[in-house]
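A short write-up of the structure that comes next.
The values are calculated or read from the model by the stated rules, or taken from the named source; none is laboratory data. Just so we're clear, the structure is a prediction, and the values are computed from it rather than from any experiment. Counting neighbours? That spans all protein chains shown, and the Cβs are built from the backbone with ideal geometry, glycine included. With ligands, DNA and RNA removed, areas are computed over all heavy atoms of the protein, side chains included. Shrake-Rupley method; radii C 1.70, N 1.55, O 1.52, S 1.80 Å.
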Amino acid sequence: MRGRYFRYLFKNLDGSLFHIGSVFDKDNQKTTNYIYMVGSYYRSSRKKKSSDLFRQEKTIPKEIDMLILGGYTLKDLNKLIYMLKKYHITTIVLPYYAPIQRLALMEETKESGAAEEDLTKFLKSPYQFLKNAGIQQIYFLYGNGTAISCSPEELEPGIHFEQADRDTLKLIGEMEGYAVPVVQAGYIVENNWLFYFGIYGVDIHLFSNFTRDYFSHIENIREMSNNVYEDYASQTERLVQEFLKKFGSSPATTITMFEGPLYDSSSENDSFVTEKEFQQPGGCMIWGGAPQDTGCMIKCLHDKDYDVMQRHRQVKKGALRFGILMLGNTNLNRYGSELVARFWQLRFRIRGICIPSCGRGEDWNHQILELSISEDRIYWVCSKHDITSVGVVSDIVLSSPNNRFVMVDEKKSCCISGYLIPREDLD
């Protein structure tokens with residue numbers, strides 16, 4: 001019997017939203033494992049090292065087909081570096097950060113005491129660092145490519161990113177000192193699953209202009225004192241201070257992503273989806289598609305959400321909701337309209353939405369609720385943090401009785417799983 005089985009796992013690891021997805025195509029005996037992670041840009045008082053957390057983490061697959069870094073935080077970068085050493089990763093998708101943005105992070109490592117050698121090397125040259133780590137496919141995203149306007153069923157398999165425009169590539173080459181493969185956000189179709197990206201953040205031309213203007217007011221730095229290193233260090237610190245003064249409150253650069261099946265017609269598929277929350281440690285383990293590994297998932301399917309199951313079995317429904325929308329750290333006050341427009345074509349496929357910036361009120365805009373207008377249950381997943389706003393929670397819960405708010409922390413995780421089986425195989 002053919003069929004596609006999927007599992008979306010959401011965890012909170014050291015304040016970061018950590019999402020592990022698995023898709024198993026039974027007909028082709030192929031499994032696709034991927035990870036999307038994004039942490040809050042607001043510092044936590046916890047100092048537990050990421051490597052310690054990962055040594056305890058048993059749900060991360062050894063083979064990771066795709067890793068998406070939603071944004072740059074020190075904790076997430078340390079997680080990335082650790083995973084590069086411990087797991088086999090084929091493809092990495094991450095936002096392009098200008099040198100001045102990375103320099104600000106390097107200064108933060110000095111304050112937090114997290115200035116490890118590998119982290120410093122990554123911030124100096126992310127592309128070279130990932131190449132040296134043996135990553136086969138590296139995609140830095142800057143700017144959004146053409147939005148999807150057709151039905152997902154019409155999309156071709158493979159990786160579809162448009163190259164950044166010539167002027168942008170030239171500027172990046174000047175800032176980095178070498179060419180970096182920067183592309184516009186597009187989509188990937190892998191194992192009959194769609195991964196559709198968006199990216200939002202400040203224009204890097206503003207960062208470049210700021211840096212040039214700053215140094216245009218400084219004469220030869222080597223003539224300013226006899227101690228070149230001391231002079232350079234103080235100027236770097238001052239540069240970062242001026243940068244943060246000008247851009248510190250600007251929206252963070254972050255990647256958003258929709259994930260879901262290409263084919264989800266209820267007239268052609270018998271299908272099911274369910275959500276479960278469980279305590280840590282224990283609970284859901286990694287599912288790699290082997291028969292002996294499907295037990296926990298199948299148990300979830302038949303233990304909960306009977307109402308959802310019955311609704312999905314109604315043939316009259318033209319499309320089903322199996323997709324998840326990851327919003328990263330998007331400032332919805334600044335980019336809400338653009339984001340809704342980009343993902344509008346897929347709004348009837350969304351089953352779950354991950355709340356951006358850990359539910360921070362200053363980044364929230366209720367306009368995003370337009371993507372969740374539905375007669376079906378919609379899950380809003382939020383990584384618990386001190387900055388989580390009660391106003392955001394009430395906006396979601398009170399806007400519709402079908403909205404379900406799910407909080408994940410270090411004690412509780414969430415899993416959304418299901419299957420699609422061709423009806424002709426059941427006859």
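Selection of the stretch 252-272 for residues being surrounded by fewer than 19 Cβ atoms within 10 Å (Cβ to Cβ) and of a type outside the set (A, V, I, L, M, F, W, C) yields TYR263, SER265, SER267, GLU268, ASP270.
On the basis of being closer than 26 Å to LEU67 by Cα and at pLDDT below 95, does MET309 make the cut? Write out each step before concluding.
Details: closer than 26 Å to LEU67 by Cα: no; at pLDDT below 95: yes.
No, not satisfied.
Considering every residue within the stretch 95-116, establish whether at least one is modelled with pLDDT of 95 or more, surrounded by 17 or more Cβ atoms within 10 Å (Cβ to Cβ), more than 18 Å from TYR178 (Cβ to Cβ) and under 18 Å from the mean Cα position of the chain (by Cα). Yes, because at least one residue in the stretch 95-116 is modelled with pLDDT of 95 or more, surrounded by 17 or more Cβ atoms within 10 Å (Cβ to Cβ), more than 18 Å from TYR178 (Cβ to Cβ) and under 18 Å from the mean Cα position of the chain (by Cα).
Restricting attention to the stretch 316-344, which residues are aromatic (Phe, Trp, Tyr) and assigned to a helix (DSSP H, G or I)?
As a first pass, look at the stretch 316-344 and keep what is aromatic (Phe, Trp, Tyr): 322, 335, 343-344.
Once the filter is applied, which keeps residues that are aromatic (Phe, Trp, Tyr) and assigned to a helix (DSSP H, G or I), the stretch 316-344 yields TYR335, PHE343, TRP344.
Among residues of the stretch 378-406 that are over 23 Å from PHE278 (Cα atoms), those with a beta-carbon under 6 Å from a residue that is open to solvent by 60 Å² or more (accessible area, probe 1.4 Å) at least six positions away or on a different chain give the pairs ILE387/TYR42; ASP395/HIS366.
Taken over the stretch 1-39, the criterion of being open to solvent by 20 Å² or more (accessible area, probe 1.4 Å) and either closer than 18 Å to ARG351 by Cβ or part of a strand (DSSP E or B) (or both) is satisfied by ARG4, TYR5, LYS30, THR31.
Tally time: how many residues in the stretch 132-175 are charged (D, E, K, R) and not in a helix (DSSP H, G or I)? If you could, list the steps in order and put the result at the bottom.
Step one: filter the stretch 132-175 for residues charged (D, E, K, R), giving 153-154, 156, 162, 165-167, 170, 174.
Now narrow it down to the ones that are not in a helix (DSSP H, G or I): 156, 162, 165.
The total comes to 3.
When the residues of the stretch 347-364 are narrowed to those that are surrounded by fewer than 19 Cβ atoms within 10 Å (Cβ to Cβ) and not acidic (Asp, Glu), which ends up farthest from ILE255 (Cα to Cα)?
Of the stretch 347-364, the ones surrounded by fewer than 19 Cβ atoms within 10 Å (Cβ to Cβ) are 347-348, 361-362.
Of the ones still in play, those that are also not acidic (Asp, Glu) are 347-348, 361.
On the way: ARG347: 18, PHE348: 21, GLY361: 19 Å.
Among those that are surrounded by fewer than 19 Cβ atoms within 10 Å (Cβ to Cβ) and not acidic (Asp, Glu), it is PHE348.
Could you grab me the full set of residues in the stretch 78-87 that are among the hydrophobic types (A, V, I, L, M, F, W, C) and surrounded by fewer than 24 Cβ atoms within 10 Å (Cβ to Cβ)? Answer for the stretch 78-87, where residues must be among the hydrophobic types (A, V, I, L, M, F, W, C) and surrounded by fewer than 24 Cβ atoms within 10 Å (Cβ to Cβ): ILE81, MET83, LEU84.
Select, from PHE122, PHE161, the only residue that is closer than 25 Å to SER250 by Cα, of a type outside the set (Val, Ile, Thr), open to solvent by less than 50 Å² (accessible area, probe 1.4 Å) and in contact (Cβ under 8 Å) with a residue 24 or more places away in the chain.
PHE122
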